[in-house]
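A short worksheet on the structure shown next.
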Amino acid sequence: MLGVQSYWSDEALSDFAALFDDQTDGEALRNSVAVALTKGWSGNRDKPLWALGLLIHALARSPLGSPAGSAHPGFDILSHTPNAIFEALRSSTCVDPQATTSAKGRLTVRIPGLDQQSYGHNNVATLQRTANFLLMCDNAVYAPEIIKTFDRLAHPEGDERAVAQSIRNDIKALARILYDYRKKHILDGHGASAFSVIKKYLHTQGGGRIDDETPFGFWTWEDNDKYKSYGESYVAIADFAEKVSLALQRRAIASAADIDDAVVRAARDADASSVVAGNDNEHPHGDGEEPDADPGAVPDEVDEDEGALTFAEAPILLFSINELKLIGWICEHVAFGARNPRAFARHLGFRDVQNNISNGLKFKTWKIPLEERVTCVEAIPYADLQRDLDALEAQILSRVEDALALRRNGEDAVGDSVRFRFRKGQSRDSVDVVATFAQLEPALLRALEDTRTLSGALKRRFARPTDTYTTAFEADQQLFTAEYRRRYLPVSAAS
Amino acid sequence: MIDNLNDVSPEAWAAIEADFADDHAARALAAGAMPPAGEDMVEETPEHPATVMRRALAGEATPAQLLAALNRDSSAPVSFGAMAIARALLARQAMASSLTARAASTTTRDLVRHIGDHVLQVIDEDDALFLIIEVAARDVEAPPRTLSIIGATHDAVTLPLSAPVEGKIQFGIGRHDPLHQRLYALLRAPDTELYLSVES
């Protein structure tokens with residue numbers, strides 16, 4: 001892990017870690033907040049802060065909001081659960097700002113003279129932690145200013161125009177703080193050098209192509225000093241491949257012969273504009289970066305595909321923690337995994353082995369001796385992995401059926417055919433079950449599709465007579481064992 | 001999946017690199033905060049002061065607990081910003097607060113301060129310091145449980161209060177108690193902030 005972690009200052013990692021409870025907050029939430037703080041949404045670094053500012057403003061006018069003149073109404077955003085905030089906005093009858101719920105169950109907040117913003121449960125949870133981070137980071141040095149800013153966002157003064165201007169200024173002030181923070185705590189150049197290492201590997205060793213063997217080859221390459229585990233290498237190569245793949249698609253569209261074809265032209269224009277939007281805020285941490293201007297025409301739909309987080313933050317629990325983890329890994333790089341199922345199988349199959357070795361080295365306790373552990377006795381056979389994926393697919397499918405039953409029969413279906421638990425602190429009194437399932441339906445369908453895609457790819461990959469689940473797993477077990485021996489056994493002999 | 005990286009134009013590489021660096025930054029931040037995975041996790045990480053603050057912000061810890069956490073290490077300077085958060089939280093839940101003193105000395109040694117409709121009397125005896133709070137009549141049924149005291153120098157003390165007897169809450173502290181001097185200095189200073197809260 002060392003390679004990746006050294007990218008941020010220790011203070012930043014500690015500030016960030018303090019946002020989460022190990023028991024209840026999952027990987028998906030951590031990833032989502034990290035993205036909001038680091039790269040923003042829809043290619044716009046300040047977009048989450050716009051969403052936060054509008055949320056604070058709208059919340060103050062909802063049934064949960066503290067009235068003007070009360071003590072620190074800006075803290076309302078932090079004092080309630082994301083679900084309570086979401087429901088308060090949904091039930092708000094206020095027209096200024098106006099909150100409406102879309103067919104997909106997303107909430108849209110519109111403020112006169114400003115952009116509109118749409119939210120799902122998961123966005124509210126992410127923004128709440130973002131607000132928390134702003135207040136507490138750098139030993140809370142910005143807190144006095146942020147408390148004032150949040151309070152003013154809740155109840156700005158003046159006429160409609162003055163209010164819009166006040167909100168705009170406050171959001172820009174928040175963006176400036178986060179910009180300063182990134183500049184101070186990101187160790188410059190690291191991201192670029194990680195990129196260079198991958199690019200160099202692909203050009204010198206990988207033959208200019210990315211396939212099933214690339215993550216393993218890159219992980220074990222002697223010049224790779226950035227990524228210490230197969231999992232990290234896999235994720236980095238998958239990130240890299242997805243971006244390259246997108247660039248190649250754009251190129252293909254751009255060079256499409258028939259320029260008069262309306263569909264091609266529309267697609268090309270859309271891509272061109274997103275490239276421009278992306279480039280506007282690139283050069284992430286250099287001296288020249290200024291906080292972005294108004295989000296303007298940036299699409300307001302954000303991060304709808306955070307499948308695992310959508311489920312984890314919903315007021316009802318549809319999946320176990322292990323299922324949520326699996327959904328997260330599947331949805332994250334579905335295209336890459338489906339094209340490189342062997343690389344994906346290695347990622348999931350050997351993940352625990354690596355984690356347990358790393359933790360053992362860190363904490364010096366071994367349930368299984370290192371010498372045995374490096375032989376990958378804890379790896380998950382690929383046939384078992386396939387069973388897990390099939391079971392997950394069945395589970396998601398049954399949840400989709402639940403959603404359909406609720407849509408058909410309303411509340412009556414609950415308890416009859418539809419069974420689930422409520423999130424801690426929630427109950428049938430506080431949760432509109434039918435509406436919640438309706439909100440989750442798109443994410444459920446998406447997760448089902450992604451799981452089927454990956455599961456199908458694994459099935460096809462291991463249907464080859466030369467490469468069955470068993471032979472492939474045994475071969476990989478030898479491959480990883482050799483690599484872990486090389487990496488870890490000398491350390492243990494020396495200590 | 002990708003057969004020839006040479007198909008990527010130099011301009012596209014620049015955009016990919018910037019985008020990748022962003023992803024890398026987000027992943028590094030998230031990875032740094034992941035609790036140890038797997039079965040061998042044993043070590044409890046020491047509590048970051050910000051963790052207490054987050055709990056307090058989420059209503060899972062009282063402002064009094066936050067103040068206590070901030071003052072745990074009395075040799076370390078308390079963060080100005082953290083104090084601002086504690087103050088804001090106290091103000092949010094306080095049934096009464098006195099941000100600036102309307103101190104009226106009755107004798108040279110005794111002090112009276114008004115906190116909302118409540119009256120705090122500080123009696124300085126030779127061997128002890130006594131605090132007497134006259135609870136406002138309308139709050140006798142739901143009396144304050146905590147008195148939080150924050151000084152201009154960010155020294156802060158939170159006192160648990162007992163139930164009132166005949167409308168009065170008493171609190172005494174001996175001269176040799178380490179808290180005595182701090183409390184005395186805090187209560188003497190006119191710019192000390194006082195908050196009464198029903199939260200215990």
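Read-outs: derived from the displayed coordinates by stated rules, not from any lab. All figures in this text were calculated on a predicted structure; none of them were measured in a lab. Here the Cβ is made from the backbone with ideal geometry for all residues, glycine too, and neighbour counts use every protein chain on show.
In whole Å and largest first, what semi-axes does the C-alpha gyration tensor of chain A yield when each eigenvalue is scaled by 5 and square-rooted?
Square roots of five times the eigenvalues give 39, 28, 25 Å.
Within straight-line reach of A:K226, meaning a Cα separation under 26 Å, sit the following lysines at least 8 residues removed in sequence or on another chain: A:K39, A:K183, A:K184, A:K199, A:K200, A:K243, A:K325, A:K362, A:K364. With R₀ set to 56 Å, the beta-carbon distance separating A:R407 from A:E222 gives a calculated FRET efficiency near 0.50. Remark: relative contact order (chain A) = 17 percent; criterion is Cα-Cα distance under 8 angstrom and separation of 6 or more residues.
Shown in residue order for the stretch A:372-378 are the 3J(HN,Hα) couplings computed by the Karplus curve 6.51 cos²θ - 1.76 cosθ + 1.60 at θ = phi - 60°: 7, 4, 5, 7, 6, 5, 8 Hz (x for Gly and Pro).
Would you please give the FRET efficiency between A:T108 and B:S9, computed as 1/(1 + (r/R0)^6) with r the Cβ-Cβ distance and R0 = 35 Å, to the nearest 0.05? Once the sixth-power term is evaluated, E becomes 0.35.
I want to verify the translational diffusion coefficient of the stretch A:335-416 in µm²/s; compute it with Stokes-Einstein, Rh as the Kirkwood radius over Cα pairs, at 37 °C and 0.692 mPa s. Rounded, D is 207 µm²/s.
Taken along the Cα-to-beta-carbon direction at a fixed 7 Å, the label points for B:Q121 and B:Q170 span 1.1 nm. In the calculated pair-distance distribution of the stretch A:398-495, the portion above 22 angstrom amounts to 59 percent of the Cα-Cα pairs.
Between A:L445 and A:E213, the simple label model (points 7 Å from Cα in the Cβ direction) yields a spacing of 4.1 nm.
Just add up the charged neighbours of B:A136: K/R +1, D/E -1, any other residue whose Cβ is under 13 Å from the Cβ of B:A136. My count for the surroundings of B:A136 gives -2. Taking label positions 7 Å along the Cα-Cβ direction at both A:L361 and A:S398, the computed distance is 4.1 nm, reported to one decimal. Proximity of backbone amide H atoms, modeled 1.01 Å from N, is registered between A:F422 and A:L317 at under 5 Å, excluding neighbours fewer than 5 places apart on the same chain. Computed FRET efficiency, Cβ-Cβ of A:R460 and A:D352, R0 30 Å: what is it to the nearest 0.05? It comes out at approximately 0.75. Where in the stretch A:348-391 does the label zone of A:T468 land, with the point 7 angstrom along Cα→C-beta and an amide N cut-off under 12 Å? Taking a point 7 Å out along Cα→Cβ of A:T468, the residues of the stretch A:348-391 whose backbone N falls under 12 Å are A:383. Across the stretch A:153-239, Cα pairs under 8 Å and at least six residues apart give a relative contact order of 18 percent.
Stretching A:I321 away from A:A383 to a fully extended chain increases their span by 20.2 nm, per 0.36 nm per residue minus the current alpha-carbon distance.
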